[in-house]
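As structure tokens, the structure follows; a few thoughts come after it.
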Amino acid sequence: MSSPDNSECSAPLSNYAPQWTGRSHRQGNPDSVKDEEPLSARDLGILRRSVDPEIVDSRQPMPRRLGRLAASAGFIIAGVLGVIIGLLITGALRNIGGDASGWSTRMPELTSRFDNSKTPDQASLPATGLAIAPTAPQPTQLSSPAAGPPDAAPVAQQAKGAPAQVATVGGASEHASAVRGITANEIRFGISAPFTGPAKELGQNMKLGIEAAFNVANAKGGVHGRQLRLIAADDGYEPARTATTMKQLYDNDQIFGLVGNVGTPTAVVALPYALDRKMLFFGAFTGAGLLRSDPPDRYVFNYRASYAEETAAVVNYLVKVRRLLPEQIAVFGQQDAYGDAGFAGVVKAIRSLRGGNESPILRLNYQRNTVDVADAVVQLQQKRRIPIKAVIMVPTYRAAAKFIEKTRELYPDMIYTSVSFVSLEGYVDASVLIAALQRNGAQLDTEKLIGTLENLHDLDIGLGTPVTFSRSDHQGMHKVWGTQLDETGHYQPIDLQ
């Protein structure tokens, strides 16, 4: 359609420029055109220039292609700028371009500038989700209307090892996992023990017993709706490996606590690690005194009697029931903290029987994680004024069996005793722990469970002796049971008192 005044616009221009008439732009009333006057040539020229800024002189028409390219370029430039600004605001550009030096300081600056451009109505609203994660670790913060100025975006960065938390729209927050090792459906425990090597039976059977008790509880619905899970780490019964297994369980597996760790030499490493992190150290498979401080370490709980109590009961039996002299008793033990603990218990018990007087006691040693008992056998064969008639063993299974095999024919009347290492202990340990978890209630954390354990009295788990803890005593039982292998190869109970 041509313009009202052809004298003001050459014919070709009508083909390229926007076509205008005096028709009303109001929708819905086609008859309204009759009420308006046609646009003058001067008005039409002004209107064309306001719509198409590229038209400078109506007498010099712009080619169609050039005009379209210019318009397209404008849209492209605007679009690219919009995308860049959007990426800068959301922080996504850092992921595309990498962590450039100084980026973490520029990003909040840029975001703050955008946030400061809000209208007063917008500024009064709580932050709703544009979170910027700085490159350096920061404490977890949750979005909250009262947490800071409106233009400060909430930081959802979680420091390593801190409880996971979730920031939600509108300032609301909730703990996704406020306590390490505990979710809505699971409680994770760890065990560091030997699962390979000469002492592997100790770890394997301890783990088997704990898992058996856990499976019984899980089949009944778990503990307050949570399933119990045991994560095992193999330390090979070597203290040098225990630091790695403890770190793995704590940092990688995020366990709630430890149950049934095996061994005294490994406990020398594991115990300080757990105490430094205020982590539950429950039912370790050792009777060593280092886990039985007075007053007790807050996070350490033992089920079993100590080696001092076991060896005292054995010495009492040998001297008072079997009528042996203390000088007729030797100790065969592992040459490490485990053997030291057992030997110290024997020395203390004999000193007590002699009214505090010292008495030399023969100690026969072997190296940990070996069955090389040759030196111990040679020592036993040496001539003495008073021959040895009983050996109290503080060993692992295979070393004990090898020692008996090498000396049984030489000393057919020898009495061999050993501190207790039973597979059943894992099941008993876990049963006591499960009872405490049930009494604790659904709201579980380490400190609350410690309080529950310290108030766990007279728990009957079918052993004939109740389990009791208190603030001053973190050992559940002090009774020592004795069994004797008879001539038919069957165990018979004996009274050691």
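The values are calculated or read from the model by the stated rules, or taken from the named source; none is laboratory data. These numbers come from a predicted model, not from an experiment. Here Cβ is always computed from backbone atoms with ideal geometry, including for glycine, and neighbour counts include all displayed protein chains. Just the protein is used for accessible areas: all its heavy atoms, side chains included, with ligands, DNA and RNA removed. Shrake-Rupley method; radii C 1.70, N 1.55, O 1.52, S 1.80 Å.
Take peptides 235-246, 322-333, 357-368 and line them up by average Cβ neighbours within 10 Å, highest first, as a rough protection proxy.
Highest-to-lowest ranking by the protection proxy: 235-246, 322-333, 357-368.
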*Tell me, how many Å apart are the Cα centres for region 243-277 and for region 446-494?*
23 Å
*Over region 371-410: Kirkwood hydrodynamic radius from C-alpha pairwise inverse distances, Å*: 10.9 Å
*Report the calculated FRET efficiency for Ala243 and Glu201 (r = Cβ-Cβ distance, R0 = 22 Å), to the nearest 0.05.*
0.40
*With labels modelled as points extended 7 Å from the Cα through the Cβ direction, what inter-label distance (nm, one decimal) is found for His478 paired with Gln379?*
3.2 nm
*Per residue, how much accessible area does region 403-497 have with a 1.4 Å probe, in Å²?*
57 Å²
*Across Lys207/Lys278; Lys220/Lys479; Lys200/Lys220; Lys200/Lys348; Lys247/Lys402, pairs whose alpha-carbon gap is larger than 25 Å*: Lys220/Lys479; Lys200/Lys220; Lys200/Lys348; Lys247/Lys402
*Global geometry of region 303-360, whether rounded, prolate or oblate, following the gyration tensor of its Cα atoms and the 1.5 cut on a/c*: prolate
*With all protein chains present, how much of the accessible area of region 374-434 (probe radius 1.4 Å) comes from carbon and sulfur, to the nearest whole percent?*
54 percent
_By accessible area with a 1.4 Å probe, ligands and nucleic acids excluded, highest first: order of Lys383, Lys278, Lys200_ = Lys383, Lys278, Lys200
_Convex hull volume per residue in cubic angstrom - Cα atoms of region 174-265_ = 84 Å³
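Per residue, how much accessible area does region 224-280 have with a 1.4 Å probe, in Å²?
37 Å²
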_At 0.36 nm per residue, and after removing the present C-alpha to C-alpha distance, how many nm does the segment from Asp445 to Asn357 gain when stretched out fully?_
26.9 nm
*Ranked highest first by average number of other Cβ atoms within 10 Å, how do 287-295, 395-403 line up?*
395-403, 287-295
_What percentages make up the Cα-Cα pair-distance distribution of region 377-485 when the bins are 10 Å wide from 0?_
11, 32, 20, 17, 14, 5, 0
_Could you tell me what a quarter of the Cα convex hull surface of region 399-455 works out to, in nm² with one decimal place?_
6.1 nm²
*asked:* Could you check the spin-label model distance between Asn316 and His490? Points 7 Å from the Cα along Cα→Cβ, value in nm.
replied: 2.8 nm
*Net charge near Val373, counting Lys/Arg +1 and Asp/Glu -1 over other residues with Cβ under 13 Å of its Cβ?*
+2
_Sort 447-459, 406-418 by packing, meaning the average of other beta carbons within 10 Å per residue, with the highest value first._
447-459, 406-418
